[in-house]
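Below: one structure, written as structure tokens.
Bear in mind these aren't lab numbers, they're just calculated from the coordinates by the rules spelled out. Predicted model, so just to flag it, every value in this text is computed and none were measured. In this analysis, Cβ positions are derived from the backbone assuming ideal geometry, glycine residues included, and neighbour counts consider all displayed protein chains.
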Amino acid sequence: MAVESVMLPLGTSAPSFTLREVVTGRVYQLDSFAGLSALLVMFICRHCPYVAHVEQEIAKIGQDYKDTGLGILGVSSNDPVSYPDDAPPRLKEMAERLGFTFPFCCDDTQEVAKAYRAACTPDFYLFDQHRRLVYRGQLDDSRPGSNKPVTGRDLRAAIDAVLGGKPVNPNQKASVGCSIKWKPGNAPSSA
């Protein structure tokens, strides 16, 4: 069943995190992206058909915005026991197959997903240079089976605006996807 993302209030400060990257094993924190003009945090995974539908565009965004001042972080928060395709070795395969140019991390404790109030995959959060939320919502209007092309239009417009020092359009649509797969007894009370 499809779930919509939680529309956090614009202006929310980026929650801190400490996460291990699945390809290199390097640890990333919010401060790892200090000095960059913007930060995009994406909650994605391997098994979700909504993510599979847009994974090429996610990889392309990483390539297109490399060296532009945009930091990008992919995060998988799904329970890898119940969803083994979302375990670190399989996430590593995904990152390598798609040629991700950004770190893809595993949120083992699911605390990062809770802090960001991530509800679905994919779920996108864009923060400005002060790490204040300027965009949360969908990649674009395409969904599996919708026959609409995957363009990344909504997210790209927000990225371009923040990198260009312009205001991001506050009229934003929620992302839609598979729910975060919480570990037994770990789901937030609002999930």
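Observations, loosely collected:
- Assuming charge only on the beta carbon of Lys and Arg (+1) and of Asp and Glu (-1), the dipole of the stretch 93-191 about its Cα centre is about 300 debye to the nearest 20.
- Judged by a Cβ-Cβ distance under 4.7 Å, the unpaired cysteines of the chain are Cys45, Cys105, Cys106, Cys120.
- Net charge of Cβ neighbours under 15 Å - reference Cys178; Lys, Arg +1; Asp, Glu -1: -3
- Relative contact order computed over the chain (Cα-Cα under 8 Å; 6+ residues apart), in percent: 32 percent
- Within-10-Å neighbourhood charge of Leu39 [Cβ basis; K, R +1; D, E -1]: 0
- Cut-off 15 Å between beta-carbons: net charge of the residues surrounding Ser82, Lys and Arg +1, Asp and Glu -1: -1
- Taking each of Lys66/Lys183; Lys60/Lys166; Lys60/Lys183; Lys66/Lys181; Lys114/Lys166; Lys60/Lys173 in turn, the alpha-carbon distance tops 28 angstrom for Lys66/Lys183; Lys60/Lys183; Lys66/Lys181; Lys114/Lys166.
- Peptides ranked, highest mean first, by Cβ atoms within 10 Å: ranges 117-130, 141-154: 117-130, 141-154
- Proximity of backbone amide H atoms, modeled 1.01 Å from N, is registered between Tyr135 and Leu126 at under 5 Å, excluding neighbours fewer than 5 places apart on the same chain.
- Charges were assigned to the Cβ only: +1 to each Lys and Arg, -1 to each Asp and Glu. The resulting dipole of the chain about its Cα centre is roughly 200 debye.
- Every helix of 4 or more DSSP H residues in the chain counts as -39500 (n - 2.57), and over all residues that averages to -7000 deg cm²/dmol at 222 nm.
- DSSP beta bridge pairing in the stretch 27-125, given as percent antiparallel to the nearest 5: 25 percent
- Rounded Å value of the spacing that divides the Cα centres of the stretch 1-52 and the stretch 75-142: 5 Å
- Per-peptide average of other Cβ atoms within 10 Å, ordering 88-95, 76-83, 163-170, 174-181 highest first: 174-181, 76-83, 88-95, 163-170
- Antiparallel %, DSSP beta bridges [both residues in the chain], to 5: 70 percent
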